[in-house]
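A.B. asks: Have a look at this one.
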Amino acid sequence: MGCWGITAFESDAGLDAVGLLREHLTEDGRLELENLIEALRQDDWNAPPDV
């Protein structure tokens with residue numbers, strides 16, 4: 001847990017983002033932007049923290 005670098009593969013948040021992208025790839029490797037935006041709206045890691 002935490003951050004140990006600056007690239008997507010070197011932080012928990014970055015790895016979560018990469019995982020989300022991989023989950024929403026189609027069979028031919030394309031990423032449907034509309035589907036991704038909807039997934040981001042519904043996913044907790046993308047929500048802003050409570051103040």
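Read-outs: derived from the displayed coordinates by stated rules, not from any lab. Model, not experiment: these values are computed from the prediction. Here Cβ is always computed from backbone atoms with ideal geometry, including for glycine, and neighbour counts include all displayed protein chains.
A.B. asks: If you fit an axis through the alpha-carbon atoms of helix 12-23 and take the longest principal axis of the Cα set of the chain, what angle between them do you get, 0 to 90°, nearest 10?
C.D. replies: Around 10 degrees separate the two axes.
A.B. asks: Which of the GluC sites (Glu not before Pro) found in the range 4-51 are in a DSSP loop and have at most 16 neighbouring Cβ atoms, other than their own, within 10 Å? Could you put the intermediate results ahead of the total?
C.D. replies: Numbers: sites: Glu10, Glu23, Glu27, Glu32, Glu34, Glu38; in loops: Glu27, Glu32.
Taking the range 4-51 and a limit of 16 other Cβ atoms within 10 Å, the loop GluC sites (Glu not before Pro) found are Glu27, Glu32.
A.B. asks: In deg cm²/dmol and to the nearest 500, what is the mean residue ellipticity at 222 nm of the chain if only DSSP H runs of at least 4 residues count, each as -39500 (n - 2.57), divided by the residue total? Can you show the working numbers first?
C.D. replies: Numbers: 2 runs with 22 residues, N = 51.
Rounded to the nearest 500, the figure is -13000 deg cm²/dmol.
A.B. asks: Relative to the longest principal axis of the C-alpha atoms of the chain, give the angle of the C-alpha long axis of helix 33-42, reported between 0 and 90° and rounded to the nearest 10°.
C.D. replies: 40
A.B. asks: A further question follows. Rounded, prolate or oblate: which fits the chain, taking a ≥ b ≥ c as square roots of the Cα gyration tensor eigenvalues, rounded meaning a/c under 1.5, else prolate when a/b beats b/c? Before the final figure, lay out each step's value.
C.D. replies: Details: a/c = 3.28, a/b = 1.32, b/c = 2.48.
Note, shape of the chain comes out oblate.
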